[in-house]
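The values are calculated or read from the model by the stated rules, or taken from the named source; none is laboratory data. Fair warning: this is a prediction, and the values are worked out from it, not measured in the lab. Here the Cβ positions follow ideal geometry from the backbone for every residue, glycine too, while neighbour counts run over all protein chains shown.
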Amino acid sequence: MTDPTTTPGRLTVIGGPMFAGKSGELLTRVRRRGIAGARVAVVSHAWDTRQGDGVIATHDGGTIPARGASSVEDIDAAVAEALADGGLDLVAIDEAQFFGADLRPCVERLLGAGIDVLVAGLCVTFDAEPFAPLPDLMALAEETVKLTAVCVTCGRDASFHERIERSAADSPDDLGPGHVGGTRMYAARCREHHPAFARG
C-alpha cells in the first residue's frame, strides 16, 4: 500500500483512562474533518455494542455511525471499500486497544498510503499497566492527546480506572467484550486512590 511518491499521512492518538472523553474527542475531530470536506472511514471494535451495532457512542450520549471490526483485516476491508467508493483521507479507529499488536502495522500501512489516522483508546489497563498498542502508537504519533477523567473518590484528575465489578478470573490480559462497560463496572481513579499504587 506504500507509495514512495505519496506524502505520508499524519497519526493522531487520543489516549487516557475510561471516562476521559476519548470517544467524544474522536467524534469532534471526525466531524470537523467532515465539515472540511475530508472523506472519512470510522471504525470501532465490534465488542463495543453499548449503543447497538454500527455506532460509536460516548458516555455523555454523543453518537456517530461507525463500522464494527473484529480484526485489522476488517479495518483493511473498510479501507478498501472506502477507496473503491471514491477515496479516503482519514481513518478514525475507536476502542483501539482491543485490536492488539496487529494495529501498529495496519496504521503504518495507512500512513504510508497517504491516509491520516486518528486512533482513540485506553492507554492503561484497569490494573494501571500500559495497554498495548496505545503506548507504542503514542510514541510514534505526530500528535498525542492524553486525557484524564475525574477521580470518583477525591475529584482530582484521574489518569487511571479500576474495575469494580470483577471475578477472580479477571486479568488485564484476558480481553473480551466484558472489558467494555460503564460506571457499574469501572471507576476513574487518581494515583492516590488506585489500589495498584496503595502504600504498603
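Tell me yes or no: at least one residue of the stretch 48-61 is modelled with pLDDT of 70 or more and in a loop (DSSP other than H, G, I, E, B).
no
Taking the options Ala113, Ala78, Ala92, Ala120, name whichever one is modelled with pLDDT under 95 and at negative phi.
Checking each option against the conditions leaves just Ala78.
Within the stretch 67-86, identify whether any single residue is surrounded by 16 or more Cβ atoms within 10 Å (Cβ to Cβ), part of a strand (DSSP E or B), touching a residue at least 12 places away in the same chain (Cβ under 8 Å) and among the hydrophobic types (A, V, I, L, M, F, W, C), and answer yes or no.
yes
Could you tell me whether any residue of the stretch 121-141 is of a type in the set (D, E, K, R) and part of a strand (DSSP E or B)?
The answer is no, given that none of the residues of the stretch 121-141 is of a type in the set (D, E, K, R) and part of a strand (DSSP E or B).
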